[in-house]
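Novice: Quick one: the structure is below, questions incoming.
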Amino acid sequence: MTAPADHPTAPSTAAAPAHADSPAASDTGHSAPAPHARLAGQVALVTGGAQGIGLGVAERLARDGAHIALHVRKEDDRSAQARRTIEAHGVRCQVFAGDLSDVNRMRAVVAEAQAAFGRLDVLVNNAGLELRADFLDTTEEDYDTVLDVNLKGAFFTAQAFARALRDAGRPGRIIHMSSVHEDLPFPHFTSYCASKGGLRMMMRNMAIELAPLGITVNNVAPGAIRTPINDDLLKQPDKLAALKAQIPLGRMGEPRDVAGAVAFLASPDAAYITGATLVVDGGLLWNYAEQ
């Protein structure tokens, strides 16, 4: 039901831009965000950022003044357009491609992003996927595909990020993109639910362990969001109407709804929040019956 972002696969070939800590973006042709923007001068690494929720998050953080290290599945026309869209907000953006389930590659992505921008402040572990299969029919390959990206990938990317902050003596924010299905059963998607339930407990443990370093760790749990993953649903009026009937606010969410929650958790306003899940679902979680 939720909209996982694209799952990554190819190594990055992008050249590293010059080091800069300032929000100025003279190479983009666009004016820089105002100096008082709440994330001005910070750098956010967003995984799975080529489309959907990931791109919406990256755009929102850019509007708030953050430079963006944009992780994608592969460098292509879509990732190039995403970069241009983000740079239009007056910040710097560099694309890093890689397979989220490849631990060594993701460690390299974190290192490359830090070298390119000179600092890291925020990690948004957004990339993820889901595969439909009855529990009795789920293969080991299907299970590993989902868990390797949604849980293992998130775990080791966050670990690399936290190590980088520790070594630099910097505080920071880690925000995992979870789902209402960290709590809510989703028949035919047991591996997906297992990954998101695991992500919830991983977040809580990380929050306690990393708090002494000044690193907060939280989840954002979207419900039904209007993204490319839901294209088929959007083309079926009857199913779409049945879903909306279960959402107290009466509509599907938009990527901007989720992005606003992420931006809050990345901001100074959320400095005393850690170990929490912020649900963004229009009330669906407490009013849902599986179709």
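No value in this document is a laboratory result; all are computed from the given coordinates. On a predicted model such as this, the values are computed, not experimentally measured, just so you know. For neighbour counting, all protein chains shown are included, and Cβ atoms are generated from backbone atoms with ideal geometry for every residue, glycine included.
Novice: Run the paramagnetic zone check for Leu249: 7 angstrom along Cα to Cβ, then residues of region 180-206 with backbone nitrogen under 17 Å.
Specialist: What the label zone holds, given the 17 Å backbone N cut-off, is 180-181.
Novice: Which one of Asp137, Asp64, Asp76 has the biggest mean-square fluctuation once the chain is modelled by GNM with Cα springs under 10 Å?
Specialist: Asp137
Novice: For Leu285, project a label point 7 Å along Cα to C-beta. Then give me every residue of region 147-186 with its amide nitrogen under 16 Å of that point.
Specialist: Answer for region 147-186: 176-186.
Novice: So, one more: In region 210-236, which residues have a backbone nitrogen under 20 Å from the label point lying 7 Å from Asp183's Cα in the Cα-to-Cβ direction?
Specialist: From region 210-236, the list is 217-226.
Novice: What residue among Ala160, Leu234, Ala44 has its Cα farthest toward the positive end of the dipole of the chain, where the charges are +1 on Lys, Arg and -1 on Asp, Glu, each on the Cβ?
Specialist: Ala44
Novice: Oh, and also: Pop a pseudo-label 7 angstrom from the Cα along the beta-carbon direction at both Leu213 and Arg256 and give the gap in nm to one decimal.
Specialist: Distance between label points: 3.5 nm.
Novice: In nm, give the distance between the simple-model label positions of Glu140 and Ala242, each being 7 Å from the Cα along the Cα-to-Cβ direction.
Specialist: Reported label-point gap for Glu140 and Ala242 is 3.6 nm.
Novice: Here is a further query. For region 265-281, just list the computed ³J(HN,Hα) in residue order, Karplus coefficients 6.51, -1.76 and 1.60, θ = phi - 60°, integers in Hz, with x standing in for Gly and Pro.
Specialist: With the stated coefficients, region 265-281 comes to 5, 7, 8, x, 5, 9, 4, 9, 10, 8, x, 10, 10, 9, 8, 10, 9 Hz.
Novice: All other residues with a Cβ under 13 Å from the Cβ of Ala44 taken together, and with Lys, Arg as +1 and Asp, Glu as -1, what is their net charge?
Specialist: Residues close to Ala44 contribute a combined charge of +3.
Novice: Restricting to DSSP H runs of at least four residues, report the calculated mean residue ellipticity at 222 nm for the chain, -39500 (n - 2.57) per run over all residues, nearest 500 deg cm²/dmol. Before the final figure, lay out each step's value.
Specialist: Numbers: 9 runs with 107 residues, N = 291.
Mean residue ellipticity at 222 nm (helix-derived): -11500 deg cm²/dmol.
Novice: Now, a different point. Give the long-range amide H neighbours of Gly41: residues separated by 5 or more places, or on another chain, with amide H under 5 Å away, using H modelled in the peptide plane at 1.01 Å from N.
Specialist: Amide H neighbours of Gly41, under 5 Å, 5+ apart: His67.
Novice: While we're here: Across region 127-138, in residue order, what do the Karplus-derived ³J(HN,Hα) couplings come to in whole Hz, using 6.51 cos²θ - 1.76 cosθ + 1.60 with θ = phi - 60° and x for Gly and Pro?
Specialist: 4, x, 8, 9, 10, 7, 6, 4, 3, 5, 10, 5
Novice: Moving to a separate point now. Can you work out the FRET efficiency for the pair Met201 and His36, with r the C-beta to C-beta distance and R0 = 41 Å, to the nearest 0.05?
Specialist: FRET efficiency, Met201 to His36: 0.65.
Novice: Going by amide H atoms built from the backbone, whose H comes under 5 Å of the H on Ala127, apart from near neighbours?
Specialist: For Ala127, whose amide H was placed from the backbone, the distant partners under 5 Å are Thr47, Gly48.
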